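The values are calculated or read from the model by the stated rules, or taken from the named source; none is laboratory data. Everything numeric in this text was worked out from a predicted model, so none of it was measured. No Cβ is skipped: glycine too gets one built from the backbone with ideal geometry, and neighbour counts run over all protein chains shown.
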Amino acid sequence: MSAFTNPLAAVVAAESARLKETGATTIDLEQLRKVVDTMVPFNNHVGVRVTELTPEHGQAELPVREELKNHFGTVHAGALFLAAEVAGAAAFSGAMAPRILALQGFVLRSSKIAFLKPGTGRIRARATVDRAATGAVLGRTGAERFELTGTALLRDDTDVLLARVDLDYVAWMGAAA
């Protein structure tokens, strides 16, 4: 894939066609979840899955696999971060669903992670994004570049908080059609 290829192009075309064909006016969040879940080849390789995508949050799960552990037998920090990043992308997608067809780009610019406890089983990352920022963008229709923040909390199967991740994004929207 070229560095300039928009991976959402085919999805936008298919969802635009579905909306036109059915007369629907809202994005199918389950279809969007499936797309976000499988869009990034590295996420598929590691096995992290998007399990929830709503207007309020995104959730991703990291499976229990030996290759995702560090030399201490706990989940590797990089795998924990990936789960948080994927959950953040899902949270953004859900919050921006009403204008997702105009999305031209979305990247994580920076992050900060606080590891609180080691993870030893299946990991669940639940993320939210700044609702004021997404609400403001949803209220406009023009092309724009905007910044927003998000937070992901990572927990194990016993609901113990393992890490908190602060996410800093930049996104580009095209004008509404």
Matching residues, the stretch 38-67, being among the acidic types (D, E) and either within 12 Å of I123 (Cα to Cα) or not in a helix (DSSP H, G or I) (or both): E52, E56, E61
Whichever residue in the stretch 159-177 is part of a loop (DSSP other than H, G, I, E, B) and in contact (Cβ under 8 Å) with a residue 12 or more places away in the chain and, among such residues, is nearest to the chain's Cα centre (by Cα): G174
Criterion violated by L153 - all others in (1) in contact (Cβ under 8 Å) with a residue 12 or more places away in the chain; (2) part of a loop (DSSP other than H, G, I, E, B); (3) surrounded by 12 or more Cβ atoms within 10 Å (Cβ to Cβ) satisfied: (2)
Selection from the stretch 158-175 of residues that are surrounded by 13 or more Cβ atoms within 10 Å (Cβ to Cβ) and either of a type outside the set (V, I, T) or in contact with a helix residue (DSSP H, G or I) (Cβ under 8 Å, 6 or more places away or on another chain) (or both): L162, A163, R164, V165, D166, L167, D168, Y169, A171, W172, M173, G174
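Rundown of residues vs (1) under 16 Å from L167 (Cα atoms); (2) over 10 Å from the mean Cα position of the chain (by Cα); (3) surrounded by fewer than 15 Cβ atoms within 10 Å (Cβ to Cβ), yes/no style:
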{"site": "V48", "(1), (2), (3)": "no, yes, no"}
{"site": "E67", "(1), (2), (3)": "no, yes, yes"}
{"site": "G88", "(1), (2), (3)": "yes, no, no"}
{"site": "A91", "(1), (2), (3)": "yes, no, no"}
{"site": "I100", "(1), (2), (3)": "no, yes, no"}
{"site": "L103", "(1), (2), (3)": "no, yes, no"}
{"site": "S111", "(1), (2), (3)": "yes, yes, no"}
Options S93, S2: the member that is at pLDDT below 95, of a type in the set (G, A, S) and either part of a loop (DSSP other than H, G, I, E, B) or more than 24 Å from A136 (Cα to Cα) (or both): S2
Qualifying residue in the stretch 73-88 (condition: part of a helix (DSSP H, G or I) and of a type in the set (V, I, T)): yes
Tally, over the stretch 12-37, of residues that are surrounded by 15 or more Cβ atoms within 10 Å (Cβ to Cβ) and assigned to a helix (DSSP H, G or I): 9
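Among the candidates T149, T134, which residue alone is of a type outside the set (A, V, I, L, M) and more than 18 Å from R99 (Cβ to Cβ)?
T149
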Test for R99: is it of a type outside the set (A, V, I, L, M) and under 17 Å from H57 (Cβ atoms): no
Within the stretch 109-142, tally of residues that are in contact (Cβ under 8 Å) with a residue 24 or more places away in the chain, farther than 24 Å from E52 by Cβ and either acidic (D, E) or out of contact with any strand residue (DSSP E or B) (no Cβ under 6 Å at 6 or more places or on another chain) (or both): 3
Unmet criterion (only one of (1) at pLDDT 95 or above; (2) buried (at least 22 other Cβ atoms within 10 Å of the Cβ)) for A77: (2)
